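Following: one structure in structure tokens, then a few remarks.
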Amino acid sequence: MTSIPVDQDINREFDNSFDRIEGETPLVGGDSSLHRITETICGVAEARRAPKTWYVALAISLSLVGLLGAMVLYELFTGVGLWGNNNTVGWGFPIINFVFWVGIAHAGTMISAILLVFRQKWRTGINRFAEATTVFAVACAGLFPAIHVGRPWQAYWLIPYPNIMGDWPNFFSPLLWDACAVGTYATVSGLFWHTGMIPDLAAFRDRSTSRIRHTIYGILCLGWRGSARHWHIYERANMLLAVLCTGLVLGVSSTVSTDFAVGQIPGWHEAIFPPYFTCGALFSGFCTVLGLAIPARYLFGLKDFITNRHIDNLAKIALLFSSIMLYIYVIEFFIAYYSGSGYEQLPYLNRLFGPYWWLGWGILFFNGVFPQVFWFQWARTNPWICVAIGIFCNLGMWMERFVIIIISLHRDFLPSSWHMFFPTWVDFCTLAGSFGLFFTLFLLFCRFLPMVAMSEVKAVVPQGIPSHDIDGARPQLEGH
Amino acid sequence: MSENVMIVSNATGPELFGLMAEYPNVDSLLAAAKRVQTEGYTCWDCHTPFPVHGLDKVMKIKPTILPWLSLGGALTGVLIGLVLPLLVNGIAYPLNFSGKPYWGLPANVPVAFPLFILLGVLSTVVGFSLLCGLPKLYHPLFTVKRFKRATDDGLFLVIEAADPRFDVIRTRQLLESLGAVALDEVKD
């Protein structure tokens, strides 16, 4: 086990990316005393100054948020004609970006919820962080349908509510399903995130030196005092939330996919869409967490908490979903061929040989082929390769949404209505602005909230586990 | 223990809330909790920075009713998701959407499912908050300086003065004999 080639830089102190033969593989590196865990995680938020990189990144992100605000206002005062959308391609960038951001949100819920349900202890280092990406990505996702409806001040008409006009939304319409799914997702992921943070916010409160911090964190943590009777309910609540969120992971992208599958456009009207979208969402989400976790662990000195094992596991899951995606791409082409319908085959021929051919080949390469390098351990332990795949796969997933939406729409049944789609500068600036919003929220989170779930990490280090059995108290050690 | 000479509270001072003992590790806390439980105390609690596995069994904490609250909320969500479209589109104002039936189960699943999750989660969160009595921004324990470590690395056991078996001297002796590294009187 000693001859595994690993990158020297990040493994100088600690490597747990392989299973030790003797004893248990530690989940936290270095000195894992309870106090040191608190010191390290709280230290990030308590330091008088953040790393210089943080300020630079925040400045860039904030300027992009400014750009986003300007673009949204420009659109509100002028109209959706500013975008590249036209009569043939009615769903342009806003819906591409919406599906893209909803997808990114999924990994956080998957890591927190599904891995909690399966009691995977290694998740404790990254779950908070991944949940944060969920909440922020849903915020970005929600923005796009709201501006795409054209009159955002009436977007609440999507929600069924009793009103004096006596009208109700069409319950058979995917537009209402979307409002239900995304509204639920935003509420639930926010609540799950906050509930998970309560004990750590209490730790921030107890260490705060200024009155303002003490008050704010004190209110946010609801006056948590670590009572065993509360822990008992808290753990049960977290498990219930996780189980419900697991259903949501499978439900939200499936609902989003019905926006397409319920339509009759070739390339959309497919039964494979719900699992296809869910896998794509999870794939892009895991790539995002991979791409964010590596810089964050360097920047804030969290190498002992977000360990090589985490990166390694994330890479393996990304590989799994990449392979499923490749399989689905192949199946889509096969079914189009097998259908024997020219209309059904046209969008697939257009993907590879039409005017947007480079996007069609791009998604096959970025999403299906490129991540296959994760079969090799040297790739999974090399931070540069991991970050590169994290970025390129997200690019690939964004291109996939473009391909699904634009290629199917721009050439449908009737050649006389065929029309190309060209995005405008406003489209690109709004997209860039949404990244700015995401990164601004993420950077603020890194600086002011507990980035790693301290109470959960403490429960899995040796000091937190009872050493002998008292009334069957010592739990089975799972998740290794 | 000698540095922690305790003055038994007089009637004039603030009322005694209870005794707070700190234990050095998880094992001694579990052992102490087991003993306190067998001694017959009822108004007592442990305060730890993380959920200590097995502590709820040792303390004989009754299983919480929270899952039933969640289930109730979730089922209400399903009911709303199925019945609201029936009332609105099916009965009150029937509309023909491309010849589809006025109400159909499959078409309502995408509405009923998110509502199942949404109300399930809301009732879980509200239930957690109510069952724990949170938010509660003040608690007598917050007046003890040492208690700040309950969210860091301190493992505490608190026996309240409200307990019928509470006796300042005997309870203190009990907590000390169980290996407490520090003992504080908590005033309200």
> If the label point is 7 Å along Cα→Cβ of residue B:87, which residues in region A:140-184 have backbone nitrogen under 18 Å from it?
Replying inline: A:159-172
>> Quick check: from the Cα gyration tensor, does region A:210-277 come out rounded (a/c under 1.5), prolate or oblate?
In response: oblate
> Tell me, in nm to one decimal, what length is gained between residue A:55 and residue A:428 on full extension, where the rule is 0.36 nm per residue of separation less the Cα-Cα distance?
Replying inline: 131.8 nm
> Over all Cα pairs of region B:66-132, how is the pair count split among 10 Å bins, expressed in % and running from 0 up to the last occupied bin?
Replying inline: 23, 38, 23, 12, 3, 0
> Where does the protein assembly as shown land at 222 nm, in deg cm²/dmol rounded to the nearest 500, when only DSSP H runs of n ≥ 4 count, each adding -39500 (n - 2.57), divided by all residues?
Replying inline: -18500 deg cm²/dmol
>> Beyond 16 Å, how much of the Cα-Cα pair distribution for region A:131-210 remains, as a whole percent?
In response: 64
> If you count, for every residue in B:104-115, the Cβ atoms of partner chains within 10 Å of its Cβ, what is the mean?
Replying inline: 6
> Which value results for Rg/Rh of chain B when Rg is the Cα radius of gyration and Rh the Kirkwood radius based on the inverse mean 1/r?
Replying inline: 1.26
> How big is D, in µm² s⁻¹, for region A:306-442 by Stokes-Einstein at 10 °C and 1.306 mPa s if Rh is the Kirkwood radius over C-alpha pairs?
Replying inline: 94
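Give me Rg over Rh for region A:47-151, both radii from the alpha carbons and Rh done the Kirkwood way, two decimal places.
Values: Rg = 17.9 Å, Rh = 16.3 Å.
Rg/Rh: 1.10.
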>> What value in Å³ per residue do you get for the convex hull of the alpha-carbon atoms in chain A?
In response: 180
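Only helices at least 30 Å long along their own axis, judged from Cα atoms, and with Kyte-Doolittle mean hydropathy of 1.0 or greater: name those in chain A from DSSP H.
Membrane-span-like by this criterion, though nothing is claimed about a membrane: A:52-78, A:273-299, A:425-448.
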> Relative contact order (percent) for chain A, with alpha-carbon contacts under 8 angstrom and 6 or more residues of separation?
Replying inline: 31
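FYI, it's all coordinate maths here, none of it is from the lab. Here the structure is a predicted model, which means the values were calculated and not measured. Cβ atoms come from the backbone with ideal geometry, glycine included; neighbour counts cover every protein chain shown.
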